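What follows is a single structure, written as structure tokens, with notes after it.
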Amino acid sequence: MKKELKDITNREDISLLVRTFYDKIRADQEIGFYFNEMINDWDEHLDKLTDFWEMNLFGNKFYKGNPLEAHVNVDKHFGGKIGPNEFGIWLNHWAQTLDELFEGENVDILKRRARKMGTFIYMGMFNSRS
Ligand code: HEM
């Protein structure tokens, strides 16, 4: 029988989502190394990403950062080779983690927001290469 899942309702839920997601990302054969090489302080990164998604979903103001600039830097660091395949893998892990842990309207919202943001980041990365 399928386990009953709840929707994402608070920071604790987002923290669990972010931690479970980055466990998958770090272990990924194709894109894990981008993260393992760039991120030294994982506690700080996971807190930052929890702030980010909490802001995105519930509107708090803890997140201070610039995702586009961060990804342009990552892309530069690796010689401009991040493409649609990497974004596809990222988004697959995101959707899988959401479906594994939760169920409801906020799950759909977070899938949609990540997809939109992936497009935005990718376009920005691509433009910054010229
Ligand atoms: C598809 C949608 C994606 C979303 C929504 C997303 C979101 C984010 C956010 C919000 C941050 C924190 C930025 C900051 O304030 O410093 C971040 C950092 C990072 N992202 Fe992404 N990301 C995505 C895709 C990717 C992909 C495809 C890669 C690489 C293949 C990637 C690699 C990284 C790395 C390495 C950092 C850490 C940068 C640093 O602190 O030096 N991201 N991401």
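In table form, for the structure just shown:
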| read-out | value |
| --- | --- |
| Column: log10 I(q)/I(0), Debye, Cα scatterers of the chain, q = 0.16, 0.21 Å⁻¹ | -0.84, -1.45 |
| Cross-link table Lys81/Lys116; Lys3/Lys116; Lys61/Lys116; Lys3/Lys61; Lys24/Lys64; Lys24/Lys61, entries beyond 23 Å C-alpha to C-alpha | Lys3/Lys116; Lys3/Lys61; Lys24/Lys64; Lys24/Lys61 |
| Rounded accessible area of Ser128 (nearest 10 Å², 1.4 Å probe) | 40 Å² |
| Surface accessible to a 1.4 Å probe, per residue, for the residues of the stretch 46-112, Å² | 53 Å² |
| Carbon/sulfur fraction of accessible area - the stretch 17-83, other protein chains in place, 1.4 Å, % | 50 percent |
| Nearby lysines by direct alpha-carbon distance to Lys6 (threshold 17 angstrom, same-chain neighbours under 8 apart not counted) | Lys111 |
| Value of relative contact order over the chain, rounded to a whole percent, pairs C-alpha under 8 Å and six or more apart | 36 percent |
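The values are calculated or read from the model by the stated rules, or taken from the named source; none is laboratory data. Since the model is a prediction, treat every value here as computed from it, not as a measurement. Keep in mind that these areas ignore ligands, DNA and RNA; they rest on the heavy atoms of the full protein, side chains included. Shrake-Rupley method; radii C 1.70, N 1.55, O 1.52, S 1.80 Å.
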